[in-house]
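These notes concern the structure reproduced below.
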Amino acid sequence: MSSTGPIPVTVLTGFLGAGKTTLLNRILTESHGLKLAVIENEFGEVGVDNQLVISSDEELFEMNNGCICCTVRGDLIRILGRLMKRKDRLDGILIETTGLANPAPVAQTFFTDDEMKQNFRLDAIVTVVDAKHILTHLDAADESVKQVAFADVILLNKTDLVAPGDLDDLEERIHRINAVAKIHRARNCDVPLDRVLNVGGFNLGRATELDPQFLEPEYPFEWAGAYTLPAGMHELVIGHADEMHGHSHEGHEHGHDHEGHDHDHGEDGHHHHHHGNPNELDVVILPVKSLDEADLAAARESAVRVFADWETRLRDGDPVLPGATLQRLLLTDGNGKFPLPVKAPGLHLVFESCGHDPLHIQVKGETVKPGWQQDFHAAHTHNDAVTSVGIRTPGDLDGKRLNDWISELLRVKGGDIYRMKGVLSVKGTTKRLVFQGVHMLFDAKFDREWGAEPRTNTLVFIGKNLDRAALTAAFSACLAT
């Protein structure tokens, strides 16, 4: 930790029984040599190591009424003011909120007071999650949803009580609420301390903070699978093969359930497509060199562009061709057979607009299964009120338009926007503009030079009732012409 500059502040939150006290105990009893002050609202619950808390009656503080959120403007600022007057510098401050608390008022303290901003920096909001019980709370849309939404780091605790597959599904659910939080799995909050202390999570001081991989867009396709095909004439079969072949989901990269999807297999066992016209299915088939992430990402981006293009309409018996062409398969009662000529043998990625079961490809009368497959419709499997909207686009922004838009957005929607973060490229400056916000309060400043790095705008909104299309369009209107 730096010996100069603002003191990093970590806010610990989490629902009752998630393990906040266990984590705080770990931090205070580990041999890290740091001078830490603790501000908590449940005094006496934590055994504090006197070696770490130099003078416990001065450095362990309790909110007067037992609730940080109700007294944040008074008690918290008063206590932080006392800490500023210390002769020996603290390495960090931990603020533990009650399990029922919304962490926003604590975070907002570091935006509203110039003295606070000068002497302290909100390093991260760390939310401890009880892996076994969190789904009950998320479904009930209580304060725990806000705690997940506000988090920079999520400690998925008690993982020994949950099956690994269920943990994967839980992480997906959490990422739909908060796309940019770093998730760490733990038992008894047993994680390296550098994952929760001085992580630079809140102020975007690190270039890796906004990881584009977490800004999952709404893809125009719902499923993709990779097939290894020899050269020759094969056949893409829709519907007919469902009677002969089971609906295996083995090999899915991401598990999911289909609750809420309008898929129907009917009495005849046929696979009906109910997205738009049930007798139309959009398909793109792209040759790909390998299943490495770089090749998969490139194919994904190509498919997005192709799906935005005009379609070629194919009837039963028409050949479906590999290549950058959007092909709309016209089905009869959910069924169709389409010749598939393959000139060059190798891997082929098939993207389809309605992803429920793997498409059946017949090679010499035998069904070839995909060696890799992935669903892209996770965002539709739950109707969580709190979601993430990520925007990533190249180009320079007009500073005035950007400022006017954010000001108006926060005036109108500030109550619904829990968190926002971004790294932006503004016309006329060589430095990155980094901004962050909590509800209607936000802070923006230029940090380092762009250098050789592509000038790409990356930002994320986390909140409720967010309109992805409207946000994306309004942001695009801020680009300099």
Q) Rounded to the nearest 0.05, what FRET efficiency is calculated for Ala344 and Thr367 with R0 set to 22 Å and r the Cβ-Cβ distance? A) 0.50
Q: Given the peptides 289-296, 361-368, 90-97, arrange them by the average over their residues of other C-beta atoms within 10 Å, most packed first.
A: 90-97, 361-368, 289-296
Q | Residues of type lysines that Lys343 reaches as a straight line, Cα spacing below 22 Å, ignoring anything fewer than 8 places off in the same chain | A | Lys289, Lys364, Lys369
**Q.** Amide H within-cut-off set for Leu397, under 5 Å, with H built and near neighbours excluded
**A.** Ser425, Val426, Lys427, Ala480
**Q.** Once the Cα gyration tensor of the stretch 373-473 is diagonalised, semi-axes √(5λ) in Å
**A.** 25, 18, 11
Q) Between Glu171 and Thr312, what is the label-to-label distance in nm when each label sits 7 Å out along the Cα-to-Cβ direction? A) 3.9 nm
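Expressed in nm to one decimal, what extension gain is obtained for the pair Leu16 and Thr136 from 0.36 nm per residue of sequence separation less their Cα-Cα distance? Could the numbers behind the result be given before it?
Values: separation 120, 0.36 × 120 = 43.20 nm, distance 1.29 nm.
Full extension from Leu16 to Thr136 adds 41.9 nm.
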Q) Within the stretch 389-407, whose backbone N sits under 17 Å from a point 7 Å along Cα→Cβ of Met440? A) 404-407
Q) Stretch Ala297-Lys117 to full length: gain in nm at 0.36 nm per residue minus the Cα-Cα span? A) 60.8 nm
Q) Of Lys20/Lys117; Lys117/Lys421; Lys146/Lys427; Lys35/Lys431; Lys158/Lys464; Lys146/Lys431, which ones are farther than 24 Å apart at the Cα? A) Lys20/Lys117; Lys146/Lys427; Lys35/Lys431; Lys158/Lys464; Lys146/Lys431
Q) Which FRET efficiency value, to the nearest 0.05, is calculated for Met84 and Lys400 with the Förster distance at 45 angstrom and r the Cβ-Cβ distance? A) 0.80
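None of the figures in this text is laboratory data; all of them are computed from the coordinates on show. All values reported here derive from a predicted model rather than from experimental measurement. Because the Cβ atoms are built from the backbone with ideal geometry, glycine has one as well, and the counts that use them run over all protein chains shown.
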